[in-house]
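Have a look at the structure below, then the notes.
The values are calculated or read from the model by the stated rules, or taken from the named source; none is laboratory data. Computed from a predicted model, the values in this text were never measured in an experiment. FYI the Cβ positions are ideal-geometry reconstructions off the backbone, even for glycines, and counts take in every protein chain you see.
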Amino acid sequence: MHVEAFTFNPFMTNCYVCHDEGEAVVVDASCATDDECRQVLAVIEEYDLEVRHLLLTHAHVDHIFGCRFFEDHFDMRFQAHEAATPFIEQAEEQATAFGVEVEQPSAPTTFLAEGDTISFGDVTLEILHTPGHSPDSISFVHRASDQALTGDVLFQNSIGRTQGLPETSRTQLLTSITDKLLPLGDDVTIYPGHGPETTIGRERKQNPFVKEALGESGESGTVRP
């Protein structure tokens, strides 16, 4: 699986185009301007990709700025966990709370749950439900190539924010990391919602929050958005 990464909007949120054998998925439409949306389209056109699915790791406002653009362009809706629906329905309220604007996306009609799969090219992505930062948080795992897109669950040296946001749980987030992500194996590369890519092995050894969750001592860290 080939992964093309972009970082967009004032929150520096990652958007990904994953592709294989001429087919692709777009994960987290974080592009907040027409120019940012066009950057994603340019890559899709450069590789002559057929977009099969539009996907969300979760529906916080910084991940959905470009949803409506891609819905209209590809004539399909984003797929997400069922718990994403109220966040999408309240997209404009989310934006107002952070002093930004968003074009209202459509509510999903296809929901993704633990154990579901998404296919494109010769790739099959497995869905893991990884709540804590948000009740709708899911991760997309490609076991054959040891790659995973984890949204705002696990970052390089950090974890997703669980303060000042609705329906969060630090305990649940750390459980998602220890019970769902760490068992994927140290060789797995993760593509997070913010910041650079990293690996499960690196975060197991160096991430202070992961070390805390595993009952190991470590320096305190800083939580990302």
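Worth a mention:
- Exactly one residue out of G115, G132 is assigned to a loop (DSSP other than H, G, I, E, B), under 17 Å from A213 (Cα atoms) and free of Cβ contacts under 8 Å to residues at least 60 places away in the same chain, and it is G132.
- Among the residues listed as T124, T168, the single one being at pLDDT below 95, among the β-branched types (V, I, T) and farther than 21 Å from K205 by Cβ: T168
- Lone qualifier among A144, A148 - being exposed (fewer than 15 other Cβ atoms within 10 Å of the Cβ) and either within 22 Å of R202 (Cβ to Cβ) or free of Cβ contacts under 8 Å to residues at least 40 places away in the same chain (or both): A144
- Criterion: surrounded by 17 or more Cβ atoms within 10 Å (Cβ to Cβ), of a type in the set (G, A, S) and either out of contact with any Gly (no Cβ under 8 Å at 6 or more places or on another chain) or closer than 22 Å to E197 by Cβ (or both) - qualifying residue of A5, A107, A113, A91: A91
- Subset of the range 201-213 (residues that are of a type outside the set (K, R) and within 19 Å of R161 (Cα to Cα)): E203, Q206, N207, P208, F209, V210, E212, A213
- Considering residues of the range 151-175 that are in a strand (DSSP E or B) and of a type outside the set (A, V, I, L, M, F, W, C) only, the residue surrounded by the fewest Cβ atoms within 10 Å (Cβ to Cβ): S158
- Residue selected from the range 177-206 under the condition under 27 Å from A95 (Cα atoms) and touching a Ser or Thr at 6+ places or on another chain (Cβ under 8 Å), by the criterion surrounded by the most Cβ atoms within 10 Å (Cβ to Cβ): G193
- Residues in the range 135-149 that are part of a helix (DSSP H, G or I) and closer than 17 Å to V17 by Cβ: S145 only.
- Residues of the range 178-199 that turn out to be in contact with a Gly (Cβ under 8 Å, 6 or more places away or on another chain) and either part of a helix (DSSP H, G or I) or under 17 Å from H81 (Cβ atoms) (or both), as a count: 1
- Answer residue from the range 199-225, given it is of a type in the set (S, T, N, Q) and more than 20 Å from the chain's Cα centre (by Cα) and is modelled with the lowest pLDDT among those: S220
- Qualifying positions in the range 11-31 - in contact with a Pro (Cβ under 9 Å, 6 or more places away or on another chain) and buried (at least 24 other Cβ atoms within 10 Å of the Cβ): T13, N14, A29
- Unmet requirement for T57, which otherwise passes all of (1) exposed (fewer than 15 other Cβ atoms within 10 Å of the Cβ); (2) under 20 Å from I118 (Cβ atoms): (1)
- Meets criteria (more than 26 Å from D187 (Cα to Cα), under 18 Å from the mean Cα position of the chain (by Cα) and modelled with pLDDT of 95 or more) for F87: yes
- The selection criterion, being surrounded by 13 or more Cβ atoms within 10 Å (Cβ to Cβ), out of contact with any helix residue (DSSP H, G or I) (no Cβ under 7 Å at 6 or more places or on another chain) and of a type in the set (G, A, S), holds for G121.
- Selection within the range 37-51 - of a type outside the set (A, V, I, L, M) and within 22 Å of the chain's Cα centre (by Cα): C37, R38, Q39, E50
- Of all residues in the range 178-194, those satisfying the criterion of being closer than 20 Å to G215 by Cα and touching a residue at least 40 places away in the same chain (Cβ under 8 Å) are K180, L181, L184.
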